[in-house]
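My structure is below; once you've seen it, I'll send some questions.
The values are calculated or read from the model by the stated rules, or taken from the named source; none is laboratory data. In this text, all values refer to a predicted model and were calculated from it rather than measured experimentally. Virtual Cβ from ideal backbone geometry, glycine too; neighbours counted across all protein chains shown. Each accessible area value is taken on the protein alone, full model and side chains, heavy atoms only, with ligands, DNA and RNA left out. Shrake-Rupley method; radii C 1.70, N 1.55, O 1.52, S 1.80 Å.
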Amino acid sequence: MEERRLLLAVALSLLVLTGYQLLFAPAPPPRPSPAATSADPSGAPPPPSAAAASPAPSAAPPPSAPVARVADERERRVEVQGEDLLVAFANKGARLLSWKLRQYRDVRGRPEEMVLAVGDASRSLDLETGEADVDARLREALFRPSSEQLTLRAGSSNELRFDWAEGELEATKVLRFPARGYLVEVEAQVRREGRALPVWVLWGPGVGNPTPAEMDVQGYVPPQGVFLGPDGVERVTPENLRGAFSVPRARWIGVESRWFAALWVPPAPTTPAELRAVPLPAVDEGKGDLGMAAAVGIAPAAPAVLFVGPKDHQVLSHDGHELARVVDVGDWIGPIVIPLMALLRWAHSVMGNYGWAIVLLTLLINLAMAPFRHYSIANGLKMAKLAPEMRTIQERYRKVPLLDPKRQEMQQEIAALYARHGMSMGKQMAVGCVPILLTMPFLIGFYRVLQVSIELRGASFLWIPDLSQTDPLFVTPVLMGLSMFVMQKMVPTTMDPAQQRIMMIMPVVLAGMFLWAPAGLNLYWLAANLCSIVQQGLTMRLLRDRGAPAGKGKERRRA
């Protein structure tokens, strides 16, 4: 019975987790929009809207002499190549064309593209000053790059610089890339008639290009805004935004998808940062969607740090800035999830395949939980023996109201029943509940591991091409449902036949829910169910052999 309760608790937990992910999205925290201010004393620029709305000075400064012209003679493509990154710019506007991750592949086997192509609208790494005429000129200017081809090497500065000046306007954009890794320093400066303008740099809309297959997976969430503020990590969907959403004192801010993220680390805690909902072009004459962009203030002496890469907890932990908190390991379950993620990588190093690694780790977890389940199964068998007498007592008091004093007599009869069989109610409650309380965090923790581990993306197993997507043949969810049915048939129960028939619907419901779940999750639940079936059979046979009379045991051996 207690094993059935464990199964029911796991199933209900799964239903709650899945339902929450499907039905509820985090709403943006209610923050008032900050008033337009002048430049921050720390040197960070005000929002573009504030810069545009500030009144003109009463006395204009005297015009300065035109700056010496700096520009490229023709349009060209500027490329950066490293072991982890492939980045391409157009010198026209110094605009980003492509940002590819060499260690991650798309469905065609090419390096994963992080830039979402949206025509000539705002692009990632565009500069904004809040003055429309200046921003338009910057997008059309032919910047002169410091190099047309930059190869990233250890021990080198790995700096790419774009310069442009014409008339009264001059601009500079500088990027410093690492030889390995995903952290890039970005600084910029725009001057008009010798006066420095406030500059913002943005990323968006979105990050990555999810495939239709990825979007069909149960629990898929479109790219959304995310930031780490004084109150912790918060997520904002573009549908919940109305214009720009200012985030004061952001430690980092950016855009995330399920597997990738683009995160800005502002130069200082007081640097302004904001999220923006960006309209996307309509597809096939339909209604256009909303994308998400993140922008931060920037200055020559205070570069911002940009991370564009995988939501890999191990990688992000090494990069610092608390970036690892973008991986949603959970608040209370996180201390269990992080070690389990390390164990999954270890299991992969042993097995050489993430599918078999999931099976191995599931087996190890079930072996660790086996003693607790043994006591739970033994308790279930004892309770099954008491079930007929227990139902007789409960039937006599069935019509007695719950608050009637006669209910105390029922409890006394049940206590006497336990005593006749050498059992106590308190001990049986502990034996039944403690194993569930001890094993449940590990079951939920490993479930979370399989949701957030980017290692499963693109990992194949037998007939499954990608463990992060649905099983193309739906074999694992069907087998998972059948295994749950077998488990329920094996578990001793004190329920009446009508209740048992209702419980038999649970495997069908869960199998239907998991048809579109990631194949890795289905593989885990199937392996866990098979381990439970084996332990259930062995434990019940062992307990029955111990309880059999000596004579009957000898007769079986002779036969």
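Taking a 1.4 Å probe, which of Asp163, Asp331 shows the most accessible area, and what order do the others take after it? Could you put the intermediate results ahead of the total?
Numbers: Asp163 35, Asp331 155 Å².
Result of the area sort, largest leading: Asp331, Asp163.
If you don't mind, another one. Is the C-alpha gyration tensor of region 142-210 telling us rounded, prolate or oblate? Criteria: a/c under 1.5 is rounded; beyond that, a/b larger than b/c is prolate, otherwise oblate. Intermediate values should be presented prior to the final figure.
Details: a/c = 2.27, a/b = 1.45, b/c = 1.57.
Since a/c reaches 1.5 but b/c is at least a/b, the shape of region 142-210 is classed as oblate.
Go ahead and run the numbers for FRET between Glu239 and Leu542, Cβ-Cβ distance against an R0 of 56 Å, rounding to 0.05.
Working: r = 56 Å, r/R0 = 1.01.
The calculated FRET efficiency here is 0.50.
Another one. Taking the Cα centre of region 247-394 as the origin and placing charges on Cβ (Lys, Arg +1; Asp, Glu -1), which of Trp252, Met383, Ala347 is farthest toward the positive end of the dipole?
Ranked along the dipole, the leading option is Met383.
Please list 3J(HN,Hα) in residue order for region 228-235, calculated via the Karplus relation 6.51 cos²θ - 1.76 cosθ + 1.60 where θ = phi - 60°; whole Hz, with x for glycine and proline.
Per residue, the Karplus-derived 3J(HN,Hα) values read 10, x, x, 9, x, 7, 10, 10 Hz.
Suppose accessible area is computed on protein heavy atoms with a 1.4 Å probe; arrange Glu113, Glu274, Glu159 from highest to lowest. List each step's numbers first, then the result.
Values: Glu113 40, Glu274 20, Glu159 65 Å².
So the residues, ranked largest to smallest area, are Glu159, Glu113, Glu274.
I would also like to ask the following. Amide H neighbours of Ser98 under 5 Å, counting only residues 5+ apart in sequence or on other chains, H built in-plane at 1.01 Å?
For Ser98, the qualifying residues are Ala88.
Taking the simple approach of a point 7 Å from Cα along Cα-to-Cβ for both Lys385 and Gln408, what is their distance in nm?
Placing both labels 7 Å along Cα→Cβ, they lie 3.2 nm apart.
Work the Kirkwood hydrodynamic radius out for region 203-358: mean of 1/r over every pair of different alpha-carbon atoms, inverted, in Å. Don't jump to the answer; show the numbers that get you there.
On the way: mean 1/r = 0.0587 Å⁻¹.
For region 203-358, the Kirkwood estimate is 17.0 Å.
Within region 224-239, name every residue whose backbone N is under 15 Å away from a label modeled 7 Å from Cα of Asp331 along the Cβ vector.
Answer for region 224-239: 228-235.
³J(HN,Hα) across region 474-485 via Karplus (A = 6.51, B = -1.76, C = 1.60, θ = phi - 60°), whole Hz, x for Gly/Pro?
6, 6, 5, x, 5, 5, 4, x, 5, 5, 5, 4
Can you pull the accessible area of Asp216 for me, 1.4 Å probe, Å² to the nearest 10?
Per-residue accessible area (Asp216): approximately 110 Å².
Where does each of Arg139, Arg420, Arg105, Arg457 land when they are ordered by accessible area, with a 1.4 Å probe and the largest first?
Per-residue accessible area, sorted high to low, gives Arg420, Arg105, Arg139, Arg457.
Give, as a single signed number, the net charge of other residues whose beta carbon lies under 14 Å from the beta carbon of Glu413, with Lys and Arg counted +1 and Asp and Glu -1.
In short, +3.
If amide hydrogens are placed 1.01 Å from N in the peptide plane, which non-local residues have theirs closer than 5 Å to the one on Val329?
Correct list: empty.
For region 187-194, just list the computed ³J(HN,Hα) in residue order, Karplus coefficients 6.51, -1.76 and 1.60, θ = phi - 60°, integers in Hz, with x standing in for Gly and Pro.
Here the 3J(HN,Hα) series is 9, 7, 8, 10, 10, 10, 6, x Hz.
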